[in-house]
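So the structure is just underneath, and the comments pick up after that.
Read the figures in this text as sums done on the coordinates, not as results from a lab. Please read all numbers here as calculations on a predicted model, not as lab measurements. Virtual Cβ from ideal backbone geometry, glycine too; neighbours counted across all protein chains shown.
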Amino acid sequence: MTEMSNLGQIAAQAATDQAQSVPALPSSLWVYLSATPLFWLTATLVVWLLANAAARRANGHPLVNPVLISVVVIGLGLTLGGVAYPAYFEGAQFIHFLLGPATVALAVPLVRQIKLVVANFLPMLAALAAGSVTAVLSVLALGALFGFPEALTVSMAPKSSTAGVAMAISKGLGGDPGLTAVFVILTGITGAVIVTGLMNRMRITDYAARGFAAGLASHGIGTARAFQVDPVAGLFAGIAMALNALVTALIVPLFL
């Protein structure tokens, strides 16, 4: 009887230990997966594909922007999971690497539409000068109006250029590159969301003009939106994005 009682106590203790270990299993699994670069790479691709599918089902509605949805979902996942950005970037860096080839690939539609580009060369130069200067001066005006610290103004000034260029400009002038990246993303998403409705209200029907404005004001994210609307708009958005990056790098140090 004593041996049976002991066996019963051992079995009960084993069952208790097993029950206590079950809730810890998902937690341990999450700790393991969250530290794996492949997990975050896969998560980013899955979220993007789902966001892109949602955008297609919404017939390309500006508010259903795949970039906006992906940023919100991934951001919430990192926050709720307590995952630091460097751990996430270990996997996402492979997607980040593709930004270079994707930018170079914009030369393909440029070659195909070279005659149209040449015909709009002078209007593009005028729009480039006006847009680039306005993008920088508007930040300086806001900084003076609301008394922004100099570091904040410097971090915001190159917001309309592509992220790599904007962060390099900010770092070179004493700004915060991380903060600059946030402003660049916010600028791009805002432009991509409002550009179609704004152009329609202004009754601008020339897709070359629409695309150039989108790429100049909202860089890569605006360019992606322009390609969704029309190939010509995407082409001119890509040209504007590249030219504005160059001009911004030249004028921001002058104004600051």
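Would you compute, from DSSP H runs of 4+ residues alone, the mean residue ellipticity of the chain at 222 nm, taking -39500 (n - 2.57) per run and dividing by the full residue count, rounded to the nearest 500?
Calculated at 222 nm, the ellipticity per residue is -27500 deg cm²/dmol.
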Nearest 10 degrees, 0 to 90: helix 231-255 Cα axis against the chain principal axis: 80
Reduced Cα scattering model of the chain, Debye log10 I(q)/I(0), q = 0.10, 0.12, 0.15, 0.17 Å⁻¹: -0.58, -0.78, -1.13, -1.34
Expressed as a rounded percentage, what relative contact order does the range 103-255 have, with Cα pairs under 8 Å and six or more residues apart? 24
Going by alpha carbons, how many degrees (0 to 90, nearest 10) lie between the helix axis of 37-57 and the longest principal axis of the chain? 60
Extension gain LEU76-ARG203, at 0.36 nm per residue separation less the Cα-Cα distance, in nm? 41.9 nm
Label points 7 Å out from Cα along the Cβ direction at ASP230 and HIS61: separation in nm? 2.4
Over the range 103-255 - Rg/Rh using Cα atoms and the Kirkwood inverse-distance radius: 0.98
Angle in degrees between helix 177-201 and the longest Cα principal axis of the chain, rounded to the nearest 10: 60
Relative contact order computed over the chain (Cα-Cα under 8 Å; 6+ residues apart), in percent: 16
In nm, what is the difference between 0.36 nm times the number of residues separating ALA54 and HIS96 and their Cα-Cα distance? 12.8 nm
